[in-house]
Amino acid sequence: MSKATQKDESTNAPVSLDEKDLAILRELQQNARATVKEIADKVHLTTTPVHERIKRMEESGVIRQYAALLDHSKVKKGLMVICYVSLKQHNKNAGARFIKSIHELHEVIECYNISGEFDFMLKVVAESMDAYYNFHVNKLSQAENIGHVQSVFVMGIIKQTHVLVN
């Protein structure tokens with residue numbers, strides 16, 4: 001079995017984490033720029049085991065990436081829209097083509113395959129209502145196999161977090 005296949009299979013498998021691993025993850029979720037020494041001090045370990053634990057969690061896919069979380073309104077993406085999309089055809093090839101097209105749309109920052117009346121839920125950001133209209137009419141609606149799109153405009157964000165381990 002190739003390494004790529006092994007990695008793909010192990011990506012979805014749960015990883016055994018102890019309390020120290022969870023403490024390290026809590027610290028990284030609060031500040032991914034914290035040094036190994038700063039984390040070690042907070043979780044009461046020395047730097048070497050903290051470094052090894054972080055490396056193990058990165059390699060096992062528990063830690064997927066490090067990112068800067070931006071305030072969308074301060075980077076000219078003040079309009080957030082949730083789009084529910086249904087496809088005309090429901091087969092593997094049609095779904096794959098739609099997914100490929102979504103990857104090419106930079107306005108779409110999240111995409112979920114969902115159950116129910118719609119097939120996908122998209123989180124879209126745009127500079128303005130005009131920019132969203134242009135995206136909807138000239139990009140999203142032009143994607144192959146689109147059946148129906150329902151747009152819901154976000155009026156305010158009540159809770160937005162990326163914290164998984166408390």
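The values are calculated or read from the model by the stated rules, or taken from the named source; none is laboratory data. Everything quoted here is computed from the prediction, not taken from an experiment. With ideal geometry, Cβ positions are generated from the backbone for all residues, glycine too; neighbour counts draw on all protein chains shown.
Annotations
- Residue check, THR47 without any contact (Cβ under 8 Å) to a residue 24 or more places away in the chain, surrounded by 14 or more Cβ atoms within 10 Å (Cβ to Cβ) and hydroxyl-bearing (Ser, Thr, Tyr): yes
- Cβ pairs under 9 Å, 6+ apart, first in the stretch 124-146 and in contact (Cβ under 8 Å) with a residue 24 or more places away in the chain and outside the structural domain of TYR84 (by TED's automatic domain parsing), second among the hydrophobic types (A, V, I, L, M, F, W, C) and not in a helix (DSSP H, G or I): none
- Test for GLU110: is it in the same structural domain as ASP21 (by TED's automatic domain parsing), among the charged types (D, E, K, R) and under 28 Å from LEU17 (Cβ atoms): no
- Identification of helices (runs of 4 or more DSSP H) wholly contained in the stretch 1-112 with 3 or more residues that are out of contact with any strand residue (DSSP E or B) (no Cβ under 6 Å at 6 or more places or on another chain) and modelled with pLDDT under 95 yields 3-11, 92-103.
- Where a residue in the stretch 71-89 is at positive phi and its partner, wherever it lies, is at pLDDT 95 or above and surrounded by fewer than 19 Cβ atoms within 10 Å (Cβ to Cβ), with Cβ under 6 Å and at least six apart: LYS76/GLU127
- Residue check, VAL149 within 20 Å of the chain's Cα centre (by Cα) and either surrounded by fewer than 10 Cβ atoms within 10 Å (Cβ to Cβ) or outside any helix (DSSP H, G or I) (or both): no
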